[in-house]
Amino acid sequence: MMDDLYREMILEHYKNPIHKGELEEINHSFEDENPLCGDFIHMDLEVDENGIITNAVFSGHGCAISQASADILLEDIIGKKVEEVQHFDSQYVIDLLGIELGPVRLKCALLPLKVMKAALYGIEKEEE
């Protein structure tokens, strides 16, 4: 019963994402993809002088899990300190989503976490 509730939440974030778009003021930005399935996430983050994430948006395409995970993660990090969210791990994202995920779907769900951390740590995407 609870899984159904979380699945509905994931579908709602996929169909009607709150944090999809672009920012004019960007301190941190990164994008990456999962080449196995084609999921793609680009994230823009705005951080104030106190190290607090004041705004965050994503763009991209892919499965419902990757896109909803990005939206749910960004909803969670706005208002938090950069130092705090840099310590988030895969279990944190799994707990946010609230459903059991197999190995393939886990990669989809964790792509936004990877992109967010890379953006906050200032990692530059290597040109291929």
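FYI, it's all coordinate maths here, none of it is from the lab. The structure presented is a predicted model; accordingly, all values stated were derived computationally and were not measured. Ideal geometry is used to build each Cβ from the backbone, glycine not excepted, and the neighbour counts take in all protein chains shown.
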Seminar exercise, completed: Going residue by residue through region 10-18, the Karplus relation 6.51 cos²θ - 1.76 cosθ + 1.60 with θ = phi - 60° gives ³J(HN,Hα) values, rounded to whole Hz and with x marking Gly or Pro, of 5, 4, 5, 5, 6, 6, 10, x, 7
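For region 1-56, what does the alpha-carbon gyration tensor say about shape, rounded, prolate or oblate, given a ≥ b ≥ c as the root eigenvalues, a/c under 1.5 as rounded, and a/b over b/c as prolate?
Verdict is oblate for region 1-56.
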Exercise. What order, most packed first, do the peptides 49-59, 68-78 have when packing is the mean number of other Cβ atoms within 10 Å of each residue?
Worked result: 68-78, 49-59
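Around residue 50, with a cut-off of 13 angstrom between Cβ atoms, what is the net charge of the other residues, counting Lys and Arg +1 and Asp and Glu -1?
On the way: positive: 80, 81; negative: 46, 48, 49, 83, 84.
Residues near residue 50 contribute -3 overall.
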Seminar exercise, completed: Computed over the Cα atoms of the chain, the Rg and Dmax in Å are 13.9, 45
For this session: Kindly write out, for region 87-99 in residue order, the coupling ³J(HN,Hα) from the Karplus curve 6.51 cos²θ - 1.76 cosθ + 1.60 (θ = phi - 60°), rounded to whole Hz, with x marking Gly and Pro.
Result: 8, 4, 10, 4, 4, 4, 5, 4, 5, 4, 6, x, 10
